[in-house]
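What follows is a single structure, written as structure tokens, with notes after it.
The values are calculated or read from the model by the stated rules, or taken from the named source; none is laboratory data. All values reported here derive from a predicted model rather than from experimental measurement. Please note: Cβ atoms are built from the backbone with ideal geometry, for glycine as well, and neighbour counts cover all protein chains shown.
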Amino acid sequence: MNPKVVVITGASSGIGASLARTLGAKGHRLVLAARREELLKSVANETGTDTLTVVTDVTKRNDVEHLRDAAIERFGQVDVWVNNAGRGTGKTVMEVTDEEFQSIVDVVLKSTLYGMQAIVPHFQARGTGLLINVSSTLGRVPFVTYRSVYSAAKSAVNILTANLRVDLASKYPGIRVSLVLPGMVDTDFHRVARTPMRMKAGERVGTAVVLSAQEVAEQIASLLEKPVPEMYIPAGAAELAKQYYQDVGAFEARMARW
């Protein structure tokens, strides 16, 4: 394995923290970003590898550019950038407020754009690099309506990611862009977003099984060795998306009854 320099946003908890520990165990050098400095340093201490922490508000372009610059100053380069920061809310379309809408768009969508625009020029200059955007199956299939704005923002992340991948493909074949679409994951996200049902790893919700953050992290880590354009976690979620687009009306009628 060739050790890489990996930047992870939203690294103080959940998927980001699990990914940091997973990649640290593999010997990669890490740059961890989040707003909560104490938690960030705690995660860094658990990675077992050379790790830089950078307190970052990903909704601010200057902070994201500072994160990139700090990573390059410390390690000389960035090989992998993971846009993972996110936030949700438990509101339907008719319930969401202006403040909630803007907050979700800033943390989920704008932060991803800022990360892409910050790191891709560095990748272009080197002719190589891997960008990983963490989205959600909800960005493809609206089966949890109280995640309305979150789902909409993740859907936009999907489109931005695809457009960037196409833009880079011909001129920069050494730059890979991967989109990750996890299903339900047992993290603090659900507590903060006021999920009205229990989300415990291994338990079944409807036809789906709740994943642990570690399970998702291990799948994301595999992209460093074998990047793919899109990765559903679990892989079976791709079939769910396929069913939705084959007959939107029938799928949504079943969801309404459920």
Look at Ala34 and say whether it is buried (at least 16 other Cβ atoms within 10 Å of the Cβ), under 25 Å from Gln102 (Cα atoms), among the aliphatic types (A, V, I, L, M) and free of Cβ contacts under 8 Å to residues at least 60 places away in the same chain.
yes
Determine if the range 40-49 includes at least one residue that is crowded, with 24+ Cβ neighbours inside 10 Å, touching a Phe, Trp or Tyr at 6+ places or on another chain (Cβ under 8 Å) and not charged (D, E, K, R).
no
If I ask for residues that are of a type in the set (Ser, Thr, Tyr) and at pLDDT 95 or above, which ones from the range 171-189 would you list?
Tyr172, Ser178
Do you know which residues across the range 110-142 are touching a strand residue (DSSP E or B) at 6+ places or on another chain (Cβ under 9 Å), in a loop (DSSP other than H, G, I, E, B) and crowded, with 17+ Cβ neighbours inside 10 Å?
Ser135, Ser136, Arg140
Selection over the range 72-88 where residues are free of Cβ contacts under 8 Å to residues at least 60 places away in the same chain and surrounded by 24 or more Cβ atoms within 10 Å (Cβ to Cβ) yields a count of 0
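If I filter the range 215-227 down to residues being under 19 Å from Pro3 (Cα atoms) and out of contact with any Leu (no Cβ under 8 Å at 6 or more places or on another chain), which single residue comes out as surrounded by the fewest Cβ atoms within 10 Å (Cβ to Cβ)? Before you say what the answer is, go through the steps one by one.
Keep residues of the range 215-227 that are under 19 Å from Pro3 (Cα atoms), which gives 217-227.
Add one more test, that the residue is out of contact with any Leu (no Cβ under 8 Å at 6 or more places or on another chain), and what stays is 218-219, 222, 225-226.
Numbers: Glu218: 14, Gln219: 19, Ser222: 13, Glu225: 10, Lys226: 8.
If we take residues in the range 215-227 being under 19 Å from Pro3 (Cα atoms) and out of contact with any Leu (no Cβ under 8 Å at 6 or more places or on another chain), then Lys226 is surrounded by the fewest Cβ atoms within 10 Å (Cβ to Cβ).
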Assuming Thr22 fulfils every condition listed in (1) surrounded by fewer than 23 Cβ atoms within 10 Å (Cβ to Cβ); (2) out of contact with any helix residue (DSSP H, G or I) (no Cβ under 7 Å at 6 or more places or on another chain) apart from one, which condition is it?
(2)
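Within the range 108-119, can you find the residues that are in contact with a Leu (Cβ under 7 Å, 6 or more places away or on another chain) and free of Cβ contacts under 8 Å to residues at least 60 places away in the same chain? I'd like the intermediate steps shown before the answer.
Our first condition is that a residue be in contact with a Leu (Cβ under 7 Å, 6 or more places away or on another chain); within the range 108-119, this holds for 112-113, 116, 119.
Correct list: Thr112, Leu113, Met116.
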Within the range 143-177, work out how many residues are outside any helix (DSSP H, G or I) and without any contact (Cβ under 8 Å) to a residue 40 or more places away in the chain.
4
Subset of the range 241-258, residues surrounded by 13 or more Cβ atoms within 10 Å (Cβ to Cβ) and at pLDDT 90 or above, comes to Ala241, Gln243, Tyr244
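Between Lys91, Lys60, which is buried (at least 18 other Cβ atoms within 10 Å of the Cβ) and either modelled with pLDDT of 95 or more or farther than 30 Å from Gln124 by Cα (or both)?
Testing whether each residue is buried (at least 18 other Cβ atoms within 10 Å of the Cβ) and either modelled with pLDDT of 95 or more or farther than 30 Å from Gln124 by Cα (or both) leaves just Lys91.
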Test each condition in (1) in contact with a Gly (Cβ under 9 Å, 6 or more places away or on another chain); (2) among the hydroxyl-bearing types (Ser, Thr, Tyr); (3) surrounded by 16 or more Cβ atoms within 10 Å (Cβ to Cβ); (4) under 22 Å from Val7 (Cα atoms) for Tyr150 and report the one that comes out false.
(4)
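When you go through Thr49, Thr53 one by one, which is the residue that is touching a residue at least 12 places away in the same chain (Cβ under 8 Å), within 21 Å of Gln214 (Cα to Cα) and touching a Gly at 6+ places or on another chain (Cβ under 8 Å)?
Working: Thr53 fails: touching a Gly at 6+ places or on another chain (Cβ under 8 Å).
Only one candidate passes the filter, namely Thr49.
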